[in-house]
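Visitor: The structure's right below; bear with me while I get my questions together.
Since every read-out is calculated from the coordinates, none of them should be taken as a lab result. All of these numbers come straight from a predicted model, not from anything done at the bench. All Cβ positions, even for glycine, are placed from backbone atoms using ideal geometry, and neighbour counts span all protein chains on display.
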Amino acid sequence: MSSSPTILEMRSITKEFPGVKALSDVSLTVKAGEIHAICGENGAGKSTLMKVLSGVYPFGTYEGDIVFQGNEVRFRDIRSSEQTGIVIIHQELALIPELSITENIFLGNEPGRGGVIDWKDAKKRAIELLARVGLKDDPDSLIKNIGVGKQQLVEIAKALNKSVKLLILDEPTAALNENDSQHLLDLIRGLKSKGIASIMISHKLNEIEQVADSITIIRDGRSIETLNVKEDGVNEDRIIRGMVGRDLESRFPEHTPKIGEVFFEVRNWTVQHPLISDRLVCKDESLFVRRGEIVGIAGLMGAGRTELAMSIFGRSYGTYVSGTIIKDGKEIVLKNAGDAIDHGLAYVSEDRKVLGLNLLDDIKRSTVSAKLKKISKRDVVDEVKEYEISDAYRKSLRIKTPTVNEGVGKLSGGNQQKVVLAKWMFTDPDLLILDEPTRGIDVGAKFEIYGIIQKLADEGKGVIVISSELPELLGISDRIYTVFEGAITNDIPAAEADPETLMKSMTSAKKKVLS
Amino acid sequence: MTQITEAPKKSGGIRDLGKMFGSGSGAKQLGILGALVVIIIIFQVWTGGLTLTPGNLIALVSQYSYILILAIGMVMVIIAGHIDLSVGSVAAFSGIVVASLMQNFNVPWPVAIVLGLVVGALIGAWQGFWVAYVGVPAFIVTLAGMLIFRGGNQFIGNANSVAVPKEFQFIGAGYLPEIGPDTGYNNLTLLLGIVVIVAIVWREFSARRTQAEMGSDMAPLWVSLIKIAGLVIVTGYATYLFSSGRVGTSFPISGIILGVLVLLYSFVTRNTIFGRHIYAVGGNSHAAELSGVNSRRVNFFVMMNMSVLASLAGMIFVARSTASGPQDGLNWELDAIAAVFIGGAAVAGGVGTVTGSIIGGLVMAVLNNGLQLVGVPSDRVQIIKGLVLLAAVAIDVWNKSQGRPSITGFLTRKRTGGAVAVETPPVPRVQDDTNALEPTVGASETNRPSSVTPNN
């Protein structure tokens, strides 16, 4: 294996975004004709690295060298990397649903002369390409009418048309079922036998173990190690250790939980995908929260964590199928976010820019926006109260801003998140659901936000924390649920949990039977 | 960030003048209001003093009040992220219904006005239903409405004009009556002017009080005094002009209706829960819904309100022109939309103010009126109006892309901040999958200071 020539070498790649070092000194070596997996936690920097490689972040925006087939390459954009033979297939497929398979394969690359497309030729070539990926569909079918698995194959056919030498697949099987995944993996192996190397990013460790020749592990924006699957005898546990193998530093405030009675329960919660009616995003999930308890929810991206949280919060996601919510011993029905707020629920969304805040608004208006009634008389907002309340939150949460008259769009991520927290604290909730509460926030602000969460719990509120960062969940939670493919797979007291056991339950269906 | 945003505090003296209209630096805050003043002065000179004469001013108000009434509704529609193309047709439809009711069924005029508003509400409910509950884009719904109600007008009126009775004409062509001793001026107009002046002074001081209470960055007292002096002089002069017109004319009734609506809707959009919800839905409808805002209801009522105001505008127009005709309200939607965008609203929604739109509407009105006075033919008037709209919005867009505050944002900024954040400089595109960036938005370039201080 080690004798085969190198096709790609990325040397000490460093990529910085304003305020954050996403990659520091990352190196990656891919040998000709191998399948190379890249593993790491969410946010470790895998996708950023691939964006550097494919020219999404052009030369000059990063430091380091990329050597492809012996030559140093400097990509200006995706087009130039594709011309070199590096093709990336993104997690969200870049196909146009209303166009046919043929049209999609040749999009931006249409055969013909003088701007007139030769459809006869295109179709002929499409059929050949489809045959290479094992698709027998009519090339005239519209993309929207074929399944996700087939769409993935069309993407690969499109890549083959560009005479690909190195194929990058970002979570290729995330949206596929067992059969389609297997088919896709077989295809990747088939490409390998024809000399096409692949880089594969995947959370599904069993698949990686199955197809990869070598594995590079990235953690916190650094390349940790590269394993040779056959020689090093790699298994899932070994990969997990590499992925999570950092110490739990004292990044969390000291806290002694004051846990009370169970006051909130979700039973047999089943929810459909909003568009695809035969896909369930929550499968018969049950959970409970005690007063004063911080409950973590661990799961990989796409496991259905946010879907669970949002569907509980007034059916804000998907189509409700069945299940009940019980609060303080009584069943409650929450048909929209307004109901949920009235019943003392709060949901701090994962994406504060898209779902959490109106970035055009200022701090004080944002702070009171989820419960304007509280400071209004006959529907007229009391602006003095609004100012006083938001200013009090500014002080108690230490939001860094001269005054609360500033626009929230101008605040840093950490301070925006504090405004979102203030907004939901103002609604006086009994249960707070925090979805990725520290995403995109620097360490100092994280510490403060953990403190706020703990204080809320000490006030007797229940808190659910969803996070992709296992150390964070282990540090802040009293108890952790793991979620895999829309189902709860485990329920572990945080004291007994460690990253390995969590990762295991997050990457496979129910192993342990729980009470 | 802190340092930069606090900078203006340190600069005293003449710069404090900038705080007269909100806060900021340079001459930018004169913005569209400045443009309005400049346009007025240019035409005053160009027409040899004909612009600021009692007769012309009175005509101007009664001629454009209905467009400005439409602009009030339109800005709310646009803040919510929609558009309404049907207002001209709705106005024409309500006009003909009201006119026919009075002429053919002898309905008393006050009843007819109420029925006209009801017709507007029903039309609005119809359009609001499609927009809010079915999800058809407002552009399409109101394009359909434009055809439907134009046709409806011609169907009811047989494509003919229907005259309206004398008493009804009062709302469009009436003036404040002459009462009290003969002072040589219209007494009620004088009284109105005094009330407005008192209100201006009172408001400025109560705004200062609120700011002091809220610890905002307050402009020095002399700035407030200059502002008051300026506004009082303008109001006083306008009062003089309006009250010294030809006997029998004075401040138009339609102008009073407009004034009341401006006050009412400024309050509604700024101080009520419903108003807040309009901005929330237009600014980020997902976030609004997750905050418990019923965005469908907001959209429904915004569309409905627009049609009610369109009906009112239609009735005022009919009253002024003494009859309802098949061509009433043609292209009104365009004037109203132009006024709103000149007034600083954003096409994407979430941004805009009632006062801004009124100023924008006045710019168009003065321009139109002035060009007609100098005898520019109507084809060229249209060309100029089009260019002005384009230029006004282009300057605004350009300023925003430079991270500079919007001209109109300053002027129309509310005492407590309001929908100001338009001026947020473009956030650098976040491209990372990890989202692990702190968009420390180009704070260094922003000259928006620590507080959004006062103004109107």
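Visitor: What's the exposure ranking of B:76, A:50, going from fewest to most Cβ atoms within 10 Å?
Guide: With the sparsest Cβ surroundings first, the list reads A:50, B:76.
Visitor: List the lysines whose Cα sits under 20 Å from the Cα of residue B:227, skipping any in the same chain fewer than 8 residues away.
Guide: B:9, B:19, B:28, B:414
Visitor: For peptide A:393-406, how many partner chain Cβ atoms fall within 10 Å of a residue's Cβ, on average?
Guide: If you average over the peptide's residues, the count of other-chain Cβ atoms is 4.
Visitor: Can you tell me, using C-alpha contacts under 8 Å and at least 6 residues apart, the relative contact order of chain A as a whole percent?
Guide: The normalised contact order for chain A reaches 14 percent.
Visitor: While we're on this one: Cα-Cα over 18 Å: which of A:364/A:385; A:204/A:504; A:144/A:192?
Guide: A:144/A:192
Visitor: Other chains' Cβ within 10 Å of B:270-277 residues: what's the mean?
Guide: Averaged over the peptide's residues, the number is 5.
Visitor: On average over all directions, what projected area in square nanometres does segment A:359-428 have, based on the convex hull of its Cα atoms?
Guide: Average projection, Cα convex hull of segment A:359-428: 4.2 nm².
Visitor: Separate question: What aspartates and glutamates sit close enough to residue A:162 to cross-link, taking a C-alpha to C-alpha distance under 12 Å and skipping anything fewer than 8 places away on the same chain?
Guide: A:82, A:110
Visitor: Then there's this: Can you pick out the pairs among A:258/A:330; A:410/A:455; A:371/A:418; A:410/A:446; A:400/A:446; A:395/A:455 whose Cα atoms lie more than 21 Å from each other?
Guide: Flagged as over cut-off: A:258/A:330; A:410/A:455.
Visitor: Once a ≥ b ≥ c are taken as the square roots of the eigenvalues of the Cα gyration tensor of segment A:26-99, is the result rounded (a/c under 1.5), prolate (a/b larger than b/c) or oblate (a/b not larger than b/c)?
Guide: Here segment A:26-99 falls in the rounded category.
Visitor: Please give the charge dipole size of segment A:359-428, origin at the Cα centre, charges +1 on K and R Cβ atoms and -1 on D and E Cβ atoms. Round to the nearest 20 debye.
Guide: Here the size comes out at about 200 debye.
Visitor: If packing is taken as the mean number of other Cβ atoms within 10 Å per residue, what is the order of B:221-233, B:184-196, highest first?
Guide: Peptide ranking by packing, descending: B:184-196, B:221-233.
Visitor: Answer rounded, prolate or oblate for segment B:106-220, using the Cα gyration tensor with square roots of eigenvalues a ≥ b ≥ c: rounded when a/c is under 1.5, else prolate when a/b is larger than b/c, else oblate.
Guide: Cα axes put segment B:106-220 in the oblate bin.
Visitor: Only helical DSSP H runs with n ≥ 4 go in: add -39500 (n - 2.57) per run for the protein assembly as shown, normalise by residue count and round the 222 nm mean residue ellipticity to 500 deg cm²/dmol.
Guide: Calculated mean residue ellipticity at 222 nm is -15000 deg cm²/dmol.
Visitor: Okay, moving on. So what are the ³J(HN,Hα) numbers for segment A:487-504, from phi and the Karplus equation (6.51, -1.76, 1.60; θ = phi - 60°), rounded to whole Hz, Gly and Pro as x?
Guide: My calculation for segment A:487-504 gives 10, 7, 9, 6, 9, 10, x, 4, 5, 9, 8, 9, x, 5, 5, 4, 4, 4 Hz in order.
Visitor: Roughly how crowded by other chains is peptide A:360-368, in terms of the mean Cβ count from those chains within 10 Å of each of its Cβ atoms?
Guide: Across A:360-368, the average partner-chain Cβ count within 10 Å equals 6.
Visitor: Another question about this same structure. Under a Cβ-only charge scheme (Lys and Arg +1, Asp and Glu -1), can you give me the dipole magnitude of the protein assembly as shown about the Cα centre, in debye to the nearest 20?
Guide: For this selection, approximately 2120 debye.
Visitor: For A:396, B:285, which order do you get if you count the other beta carbons within 10 Å of each Cβ and list the fewest first?
Guide: The fewest-first ordering by Cβ neighbours comes to A:396, B:285.
Visitor: Give me the net charge of residue A:192's neighbourhood, meaning all other residues with Cβ under 9 Å from the Cβ of residue A:192; Lys, Arg count +1, Asp, Glu -1.
Guide: Around residue A:192, the charge tally is 0.
Visitor: Moving on. Rounded to a whole number, what is D in µm²/s for the protein assembly as shown from Stokes-Einstein with the Kirkwood radius over alpha-carbon pairs (20 °C, 1.002 mPa s)?
Guide: 68
Visitor: Something else now. Compute the Cα gyration tensor for segment B:57-154, then decide on rounded, prolate or oblate, letting a ≥ b ≥ c be the square roots of its eigenvalues: rounded whenever a/c is under 1.5, prolate when a/b is larger than b/c in the other cases, and oblate in all that remain.
Guide: Verdict is oblate for segment B:57-154.
Visitor: Quick one: B:143, A:502, B:387, fewest Cβ neighbours within 10 Å first, how do they rank?
Guide: Ascending Cβ contact count within 10 Å gives the list B:387, B:143, A:502.
Visitor: Can I ask one more? I'd like the trypsin sites (Lys or Arg not before Pro) in segment A:114-162 restricted to DSSP loop residues with at most 13 other Cβ atoms within 10 Å, sorted by number.
Guide: Loop-located and lightly packed - A:136.
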